[in-house]
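My structure is below; once you've seen it, I'll send some questions.
The values are calculated or read from the model by the stated rules, or taken from the named source; none is laboratory data. All values reported here derive from a predicted model rather than from experimental measurement. Don't worry about glycine lacking a Cβ; one is built from the backbone with ideal geometry, like all the others, and counts go over all protein chains shown. Keep in mind that these areas ignore ligands, DNA and RNA; they rest on the heavy atoms of the full protein, side chains included. Shrake-Rupley method; radii C 1.70, N 1.55, O 1.52, S 1.80 Å.
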Amino acid sequence: MRQIILDTETTGLNANGGDRLIEVGCIEMIDRRLTGKNLHFYLNPEREIDAGATAVHGMTWDDLKDKPLFADVAAELRDFIEGSELIIHNAPFDIGFLDAEFKQVGMGGTRVCVAGVIDTLIEARAMFPGKRNSLDALCERLDVSNAHRTLHGALLDAQLLAEVYLAMTRGQNALVIDMVETADAGGEGGPTERADFASLPLAVVPASAEELAAHEALLADIDKQTKGKALWLKLGDS
């Protein structure tokens, strides 16, 4: 599965009120492995940037006046994300800005060209109800280092989000998946034949007399320390 972790920076908060994209960062991941293939643009928004937005990402319009317009990179961005599953933190915000920009250059909505969108903010709220679920908070909670970040940046945030997403979705079956993938690869000799263990008898190793005696002594000691309140002894007598 091809997934694109995507983040943006903007001139403000209102895509429908004239605010524009100033930065887009995309990181490619295939089958839960980062490929090293990224796409990153700074953009000329053709307007001033709100002071509050500059406080977040550190950029002003003067920093961006020599950068390309969105129209100059729209086709390349569209080609990069096409057919992929997007992974975005607070997806409605970024998708809203992308849709507004694509609309201005005569292209359809973002969701039309992608296979789907995963909103990690929604997933985090379900996984950690009642807790702060900003990207910074998730990095701290999931031991993803963001110590090198002082200001936001789209590509840096996408890199952090990739690590957060992998940590959030690394379930108990991850080891089994890795083992299956290793077996399928089979090394230099090709695919490895899988053994069927279903018909093998289950080995039962009984405790020795010494182990049983040590177990009984331990239980008696616990019962003594709890002044006869050991529940397993009462249940055993009933």
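I'd like to check which helices (runs of 4 or more DSSP H) are fully inside region 48-167 and have at least 1 residues that are charged (D, E, K, R), open to solvent by 20 Å² or more (accessible area, probe 1.4 Å) and over 21 Å from Arg2 (Cβ atoms). Walk me through how you get there before you give the answer.
Details: elements: 51-57, 61-64, 70-81, 91-104, 110-113, 120-127, 135-141.
Answer list for region 48-167: 61-64, 70-81, 91-104, 120-127, 135-141.
While we're on this one: For a quick check of your reading of the model, give me the residue pairs whose first member lies in region 150-171 and is free of Cβ contacts under 8 Å to residues at least 40 places away in the same chain and under 13 Å from Ala137 (Cα atoms), whose second is of a type in the set (S, T, N, Q) and open to solvent by less than 70 Å² (accessible area, probe 1.4 Å), with beta-carbon atoms closer than 9 Å and at least 6 apart or on different chains.
Leu160/Asn146
In region 13-47, how many are buried (at least 20 other Cβ atoms within 10 Å of the Cβ) and either under 21 Å from the mean Cα position of the chain (by Cα) or not in a strand (DSSP E or B) (or both)?
Number of matching residues: 11.
For a quick check of your reading of the model, give me the residue pairs whose first member lies in region 133-145 and is without any contact (Cβ under 8 Å) to a residue 12 or more places away in the chain and under 14 Å from Thr120 (Cα atoms), whose second is open to solvent by 20 Å² or more (accessible area, probe 1.4 Å) and of a type in the set (D, E, K, R), with beta-carbon atoms closer than 9 Å and at least 6 apart or on different chains.
Close Cβ pairs (under 9 Å, with a partner that is open to solvent by 20 Å² or more (accessible area, probe 1.4 Å) and of a type in the set (D, E, K, R)) amount to Asp136/Arg149; Ala137/Lys131.
Within region 1-30, work out how many residues are in contact with a Lys or Arg (Cβ under 9 Å, 6 or more places away or on another chain) and within 13 Å of Asn90 (Cβ to Cβ).
Of the residues in that region, 1 qualify.
Considering only residues that are in a loop (DSSP other than H, G, I, E, B), open to solvent by 10 Å² or more (accessible area, probe 1.4 Å) and modelled with pLDDT of 95 or more, which ones fall in region 1-12?
Residues of region 1-12 in a loop (DSSP other than H, G, I, E, B): 1, 11-12.
Filter once more, keeping what is open to solvent by 10 Å² or more (accessible area, probe 1.4 Å): 1.
Scanning region 1-12 gives no hits.
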